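Let me begin by presenting the structure, written as structure tokens, before commenting on it.
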Amino acid sequence: MADFQIQAQQFSLLAGRREGGMLRPDDRHMIRLRAPLPERWTGFSMAVAQLAATADHQIKCCLSLCGDTEPLLTLHYTVLPNCRVQIPYPVNGRVLAADYAFLPPQPGVYKGGMAGRAVRPEEINAVELSLQSGHLTALAFDGLTLTTDWTPQDVKGAPLVDPMGQALHMRWAGKTENTEALEAYLRSEREAAGADPRYPAGWSRCGGWLEKRFEATGWFRREHDGRRWWLVDPDGYAFFSNGVCYGNRTGIYALADHLEALYAWLPPRDGQYQSAWCTGDAIPQYVVRNGLDAARSRTLVNFPRANMIRVFGEKWLDAWIAINAARMRRWGINTLGVGVNDYADEATRTFLARSGIPFVVTFKFFALTEECIFRDFPDVFSEAYERAAQQMAERELAPWRGERGMIGYFVTNEPEWLMAENVNLAEKLLLHPGVTASKRAMIDFLKDRYPSGIGALNAAWDTAFTSFEALLAPLQSLPAAQAARQDLAAFHDRLVNRYGEVVSRTLKAFDPHHLNLGMRYNRPSEKTLCGPLRYFDVFSFNCYGEEPATSAARIGRYADLPMMVGEWHIGAQDSGLDAWGLYSTPTQAQRAQAIRYYLEQSTQEPHLTGVHYFEYSDQPYLGRFDGESYNIGLIDVCNRPYPLVAEALRAFAQQMYPLLDGRVRPQTPPVPLTPMR
């Protein structure tokens, strides 16, 4: 099918103003355009916006599929400013079913996702494009192309990244001015790392508390002392997991292909800098989200590694481990969180052995079935799910089950089915054409609820099924009766329970010593808590915001078990990146105060046994594998810590265990945080 072009002049302007050939934002810093879609639009799989936006920082750019009056489903990216880019929005069947959590990363655009409900093609008759940023000043828009055949294009623009991986044209306190300054600093840090890199006084060899002891088993475990939950280290000392995610990772890879013009310098791809390059298939999360073929097509570069190689040559890895292991121990970081086992090109075992810091592992590939009910939620009643769980244990857990320094394992990371608003998996099951095993389990469930037969179910649901087996075929629409909603809510709980039970039972049989740390839910709710809690040793959830104690207390009403925050961060807006994380402060000084407040408050909830900061390193200026580019690290791209944040970490660690034991009270006041728009 030939491409269809919706010209720029065919878009009506809903917000903003026209000035000649340029568009300008309104007083809300927004430009919003709308155009009708052609009747044959469903024959296309991609809608490609072509534009150049003028701004100081990244711009949120949304494409909404609309009905007569309002957007129904919105796809969003953040866009690189001051460059001419193409933004390819998928508009295929999976998108219309709201079956994506993240959109594929593309050259010139940052992280993407979607919001809204599943829609039918006949509901959609128009498209809206909106751009918004407090720094947006102008837009040159070339229109929207509907196509089935799009390939990435090189992004045109002047260099934005300097030879060390920093923002080229920005200034901030602590910026490394040149390669000579880089070498002088890193060599001084390597020398300082030779000093005594111990944990704070009063801590055990694993980072536990020498003043409080339980029975020693040689493994990490959990214990309730009558007042609060604790983890216990292998020597029996009370332990709070003050962790950092990706702490052993030697820098974060940045997207490089089709972006070469935006780098002032790129390291050679062979010789001593070869280890600073990879393709997307070396990044498990890229493969999981976008597929192996797409991953192999992307090229990424690691500036933190290149900087270390530039200074230390073939001994760069020894220097990296020495510098960063010493820092973490001095700061009171006693856990390497998510990401320890993510990358095959990391010297993970060497880092763990030399640092002596306890760690957790996160399974890279969850036990999925060929057909999933919704997004990454498997056919949990199938034999294939049980086989996949066993294979996951053998693949992911076998290399680690003898490790005494390992606290436990996260079964998965932020399941994407939970990123949809108010999802009911039983409803998704009824609409699905396959996943037969779970459908048969639902039929058995309904037969138990309606033992007198299908007539009773039809009367309750206001339906006309000829038999229970008719539910094996996909429904075109969901029954609206109250009884149907109640039954489907109850079977949703069964599905979620089975989801947690099968993998947890299999993993515990395979490895009885390490703690099952749960699934790092991004949005814990009553629906997600109903079943799996009984199978987890520790309930993990990611908790962004001012403090985690409120969320932990709410979860604690449903289950009394230890909890761990798998991710949190607070960024700053003044230090060389265009994006600042999910929550941020204007300055590094305020950020340091906010981080210490979060840490202190985490000690005040008796269910919390650990919090893991995300993440150790800043993300790249032009985006990591999925386009994230946040100023959230404890160190920057030049391996330089943010000094005020480092001091806040060190000061908290000095009082962490007395805070947990109630001997001292928190003193740091909160700081207002800015949520990401």
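The values are calculated or read from the model by the stated rules, or taken from the named source; none is laboratory data. Remember, predicted model here, so these are calculated numbers, not experimental data. In this analysis, Cβ positions are derived from the backbone assuming ideal geometry, glycine residues included, and neighbour counts consider all displayed protein chains. Calculation scope for accessible area: heavy atoms of the full protein, side chains included, ligands and nucleic acids excluded. Shrake-Rupley method; radii C 1.70, N 1.55, O 1.52, S 1.80 Å.
In the stretch 254-307, the residue that is nearest to Gly339 (Cα to Cα) out of those that are surrounded by fewer than 20 Cβ atoms within 10 Å (Cβ to Cβ) and basic (Lys, Arg) is Arg296.
For Arg34, the conditions (1) part of a loop (DSSP other than H, G, I, E, B); (2) within 30 Å of Glu122 (Cβ to Cβ) are fulfilled apart from (1). Scanning the stretch 360-381 for residues that are under 14 Å from Ala426 (Cβ atoms), outside any strand (DSSP E or B) and of a type in the set (A, V, I, L, M) turns up just one, Val380. Could you give every pair whose Cβ atoms fall below 8 Å, whose first residue belongs to the stretch 178-197 and is within 9 Å of Val311 (Cβ to Cβ), and whose second residue is open to solvent by 80 Å² or more (accessible area, probe 1.4 Å), counting only separations of at least 6 or pairs across chains? Qualifying pairs under 8 Å: none. Only a single criterion out of (1) touching a residue at least 40 places away in the same chain (Cβ under 8 Å); (2) within 30 Å of Pro234 (Cα to Cα) is not satisfied by Arg534, namely (1). For the stretch 343-374, residues that are among the charged types (D, E, K, R) and either open to solvent by less than 10 Å² (accessible area, probe 1.4 Å) or free of Cβ contacts under 8 Å to residues at least 12 places away in the same chain (or both) total 1.
Among the residues of the stretch 65-96, those identified as in contact with a Lys or Arg (Cβ under 9 Å, 6 or more places away or on another chain) and not basic (Lys, Arg) are Cys66, Leu72, Leu73, His76, Tyr77, Thr78, Val79, Cys83, Val85, Leu96. Filtered by the rule that a residue be in a strand (DSSP E or B) and open to solvent by less than 10 Å² (accessible area, probe 1.4 Å), the stretch 91-116 gives Leu103, Val109, Tyr110, Gly112, Gly113. Of the residues that make up the stretch 179-190, is at least one β-branched (Val, Ile, Thr) and surrounded by fewer than 15 Cβ atoms within 10 Å (Cβ to Cβ)? No, the stretch 179-190 contains no residue that is β-branched (Val, Ile, Thr) and surrounded by fewer than 15 Cβ atoms within 10 Å (Cβ to Cβ).
For every residue, the table says whether it meets (1) surrounded by fewer than 21 Cβ atoms within 10 Å (Cβ to Cβ); (2) basic (Lys, Arg); (3) touching a residue at least 60 places away in the same chain (Cβ under 8 Å); (4) closer than 20 Å to Val287 by Cβ.
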site: Glu394; (1), (2), (3), (4): yes, no, yes, yes
site: Trp400; (1), (2), (3), (4): yes, no, yes, no
site: Val411; (1), (2), (3), (4): no, no, yes, yes
site: Ser438; (1), (2), (3), (4): no, no, yes, no
site: Met442; (1), (2), (3), (4): no, no, no, no
site: Asp448; (1), (2), (3), (4): yes, no, no, no
site: Ser452; (1), (2), (3), (4): yes, no, no, no
site: Leu457; (1), (2), (3), (4): no, no, no, no
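On the stretch given as the stretch 308-339, residues that are at positive phi and open to solvent by less than 10 Å² (accessible area, probe 1.4 Å) total 2. Where strands (runs of 3 or more DSSP E) fall entirely within the stretch 559-677, none has at least 3 residues that are surrounded by fewer than 20 Cβ atoms within 10 Å (Cβ to Cβ) and modelled with pLDDT of 95 or more.
Kindly check whether there is at least one residue in the stretch 436-459 that is closer than 30 Å to Val361 by Cβ, touching a Leu at 6+ places or on another chain (Cβ under 9 Å) and modelled with pLDDT of 95 or more. Checked against the condition, which is being closer than 30 Å to Val361 by Cβ, touching a Leu at 6+ places or on another chain (Cβ under 9 Å) and modelled with pLDDT of 95 or more, the stretch 436-459 yields at least one hit. For Gly500, the test of being surrounded by 14 or more Cβ atoms within 10 Å (Cβ to Cβ) and on the phi > 0 side of the Ramachandran plot is failed. Being in a helix (DSSP H, G or I) and free of Cβ contacts under 8 Å to residues at least 24 places away in the same chain is a description that does not apply to Asn422. Thr69 falls short on exactly one of the conditions (1) out of contact with any strand residue (DSSP E or B) (no Cβ under 7 Å at 6 or more places or on another chain); (2) open to solvent by less than 10 Å² (accessible area, probe 1.4 Å), and that condition is (2).
Condition first: of a type in the set (D, E, K, R) and under 26 Å from Leu262 (Cα atoms). Now tell me which residues in the stretch 46-103 satisfy that. Once the filter is applied, which keeps residues that are of a type in the set (D, E, K, R) and under 26 Å from Leu262 (Cα atoms), the stretch 46-103 yields Asp56, Lys60, Arg84. Residues in the stretch 496-505 that are at pLDDT below 95 and of a type in the set (A, V, I, L, M): Val496 only. Residues that are surrounded by 24 or more Cβ atoms within 10 Å (Cβ to Cβ) and among the small types (Gly, Ala, Ser) occur in the stretch 204-215; there is at least one. Quick one: what pairs do we get from the stretch 563-592, first residue over 29 Å from Phe239 (Cα atoms) and among the acidic types (Asp, Glu), second open to solvent by 10 Å² or more (accessible area, probe 1.4 Å) and in a loop (DSSP other than H, G, I, E, B), C-beta under 7 Å, 6+ apart or different chains? The qualifying pairs are Asp574/Trp172; Asp574/Pro586; Asp574/Thr587; Asp578/His57; Asp578/Gln58. A Cβ distance below 8 Å, combined with a sequence gap of six or more or placement on separate chains, defines the contacts here; from the stretch 466-480, residues that are without any contact (Cβ under 8 Å) to a residue 40 or more places away in the chain and farther than 17 Å from Thr436 by Cα reach residues that are open to solvent by less than 40 Å² (accessible area, probe 1.4 Å) and not hydroxyl-bearing (Ser, Thr, Tyr) in the pairs Thr466/Ile454; Pro479/Trp461.
If you check every pair at least six apart or on different chains, which have Cβ atoms under 7 Å apart with a residue in the stretch 655-677 that is touching a residue at least 60 places away in the same chain (Cβ under 8 Å) and closer than 23 Å to Gly208 by Cα first and a residue that is of a type in the set (Val, Ile, Thr) and open to solvent by 30 Å² or more (accessible area, probe 1.4 Å) second? Correct list of pairs: empty, since none qualify. Can you tell me which residues in the stretch 36-66 are hydrophobic (A, V, I, L, M, F, W, C) and open to solvent by 10 Å² or more (accessible area, probe 1.4 Å)? Leu37, Trp41, Met46, Ala52, Cys62, listed by residue number. With respect to the conditions (1) open to solvent by less than 40 Å² (accessible area, probe 1.4 Å); (2) part of a loop (DSSP other than H, G, I, E, B), Ala173 falls short on a single one, namely (1). In the set (1) free of Cβ contacts under 8 Å to residues at least 60 places away in the same chain; (2) surrounded by 18 or more Cβ atoms within 10 Å (Cβ to Cβ); (3) out of contact with any Leu (no Cβ under 8 Å at 6 or more places or on another chain), the condition left unmet by Ala388 is number (3).
If I ask for residues that are assigned to a strand (DSSP E or B), closer than 19 Å to Met676 by Cβ and touching a residue at least 40 places away in the same chain (Cβ under 8 Å), which ones from the stretch 64-90 would you list? Passing the criteria: Thr74, Tyr77, Thr78, Val79.
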